[in-house]
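In what follows, a single structure is set out as structure tokens and then discussed.
The values are calculated or read from the model by the stated rules, or taken from the named source; none is laboratory data. Note that the structure is a prediction, hence the values are computed from the model and not measured. A quick note on method: Cβ atoms are made from the backbone with ideal geometry, for glycine too, and the neighbour counts reach across all protein chains shown. Side chains included, ligands, DNA and RNA excluded: accessible areas come from the protein's heavy atoms. Shrake-Rupley method; radii C 1.70, N 1.55, O 1.52, S 1.80 Å.
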Amino acid sequence: MIQEIQIKTDKKDDLVELTGRIDEIVKASGVKEGLCTVYCPHTTASIVITSRMDAAGFEDLMEEVDRLIPTRIDFKHQFDTPTDAAGHIKSAMMGVESTLIISDGAVMRGGSQGIFFMEFDGPRERKVLVSVRGE
């Protein structure tokens, strides 16, 4: 079973929590034991699992990603814009998918963990694909 989640980001760098929507998809699937893969089919965005306990942590995460991979005009690949080029590198380094374990009909994760979509070249309309497999 594959479900699509529609996302509309509001700014250049944005973070959208997907945890609740993914929990609903897994529950509706009826799968009790299996795997849930969350996949981002975009080259300037990412899927990340991180703490959802403190909103300032999201700012820190985005600021550190920007510090490590700043937007620059000297990237060799400039098909669109320098922001687009930086977004490609951020996406490749952060990753575009995460696979989670389903046990007893629910996604297993730590108490403070959330599942997030990270935007690096917004605002845009995006999608995330969620695949649920198992018994």
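Quick grid of which residues meet (1) among the polar types (S, T, N, Q); (2) in contact with a Gly (Cβ under 9 Å, 6 or more places away or on another chain); (3) at pLDDT 95 or above; (4) open to solvent by less than 40 Å² (accessible area, probe 1.4 Å):
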residue: 89; (1), (2), (3), (4): no, no, no, no
residue: 94; (1), (2), (3), (4): no, no, yes, no
residue: 98; (1), (2), (3), (4): yes, no, yes, yes
residue: 102; (1), (2), (3), (4): no, yes, yes, yes
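One line per residue, one yes/no per condition, for (1) within 13 Å of the chain's Cα centre (by Cα); (2) under 18 Å from residue 115 (Cα atoms); (3) open to solvent by less than 20 Å² (accessible area, probe 1.4 Å):
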position: 13; (1), (2), (3): yes, yes, no
position: 20; (1), (2), (3): no, yes, no
position: 27; (1), (2), (3): no, yes, no
position: 46; (1), (2), (3): yes, yes, yes
position: 50; (1), (2), (3): yes, yes, no
position: 69; (1), (2), (3): no, no, yes
Given the conditions (1) open to solvent by 70 Å² or more (accessible area, probe 1.4 Å); (2) over 18 Å from residue 112 (Cα atoms), every one holds for residue 38 apart from (1)
When restricted to 32, 8, the only residue in contact (Cβ under 8 Å) with a residue 40 or more places away in the chain, basic (Lys, Arg), open to solvent by 30 Å² or more (accessible area, probe 1.4 Å) and more than 19 Å from residue 117 (Cβ to Cβ) is 32
